[in-house]
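Here is the structure we will look at, set down as structure tokens.
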């Protein structure tokens, strides 16, 4: 769960952005207490209710949710009910629907990807990446967990991930892994991104905790996963690189631990919601 203090700080900035001076349209309306309902316009997984609630309560409205984060909802189902001054409800409407729609869209797609892989490998984890919109990473990552996925690393302090540009400054993958082991705390995992079979084998022999096969074709990935397992049965194997819900079933997943998909957060399919004043 995201700390409420951080949520409130973000919401205040969002409100400043959307209402820098005054709401010239809503100011035409009289002060009037009204009720409104937020409802789903499609099926899927809801995520982000605490954020939407905070938006309305900071504006002085009352919020009552009919579902919880992680619940599957149906089309036309009422998600929440709000009471308050008409101005508060209208000023919070778009911001609340935007964040709730984004987070629910991420959670829904994550759950769909997990469903596609569950029969083949029930232990496989679907992971997010750092391909997030600046300022929204914590919401995107939380939404992935609501959908049943894994956050992967939240930021650059979480773990060592040696990518192509890092490795270009070392004479070999082995040297890079050795340097990381000598320098970084024992509590941090060391992951290496590889682009071919030779690099994958070197990373496995050098003692990487996680090996990421980046942009491998399905047939190539299957072959290299087998080679890695012949060297090290315990190393974690991650597939990454343009893997999304449309093609995830093309991959052999039986001996894979993780799939990281940037599409979960950089190509969000917004969850369709609406708010109507009664």
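The values are calculated or read from the model by the stated rules, or taken from the named source; none is laboratory data. Quantities reported herein were computed from a predicted structural model and do not represent experimental measurements. Note that each Cβ is placed from the backbone with ideal geometry, even for glycine, and that neighbours are counted across all protein chains shown.
Observations on the model:
- Residue 245 vs. criteria farther than 30 Å from residue 29 by Cβ and modelled with pLDDT of 95 or more: no
- Residue 141 vs. criteria under 30 Å from residue 255 (Cα atoms), modelled with pLDDT of 95 or more and in a helix (DSSP H, G or I): yes
- Qualifying residues in segment 122-136 (those that are more than 17 Å from residue 267 (Cβ to Cβ) and crowded, with 18+ Cβ neighbours inside 10 Å) - the one nearest to the chain's Cα centre (by Cα): 125
- Going through (1) in contact with a helix residue (DSSP H, G or I) (Cβ under 7 Å, 6 or more places away or on another chain); (2) within 21 Å of residue 104 (Cα to Cα); (3) surrounded by fewer than 13 Cβ atoms within 10 Å (Cβ to Cβ) one by one, residue 32 falls short only on (2).
- Taken over segment 61-76, the criterion of being more than 24 Å from the chain's Cα centre (by Cα) and buried (at least 16 other Cβ atoms within 10 Å of the Cβ) is satisfied by 61, 63.
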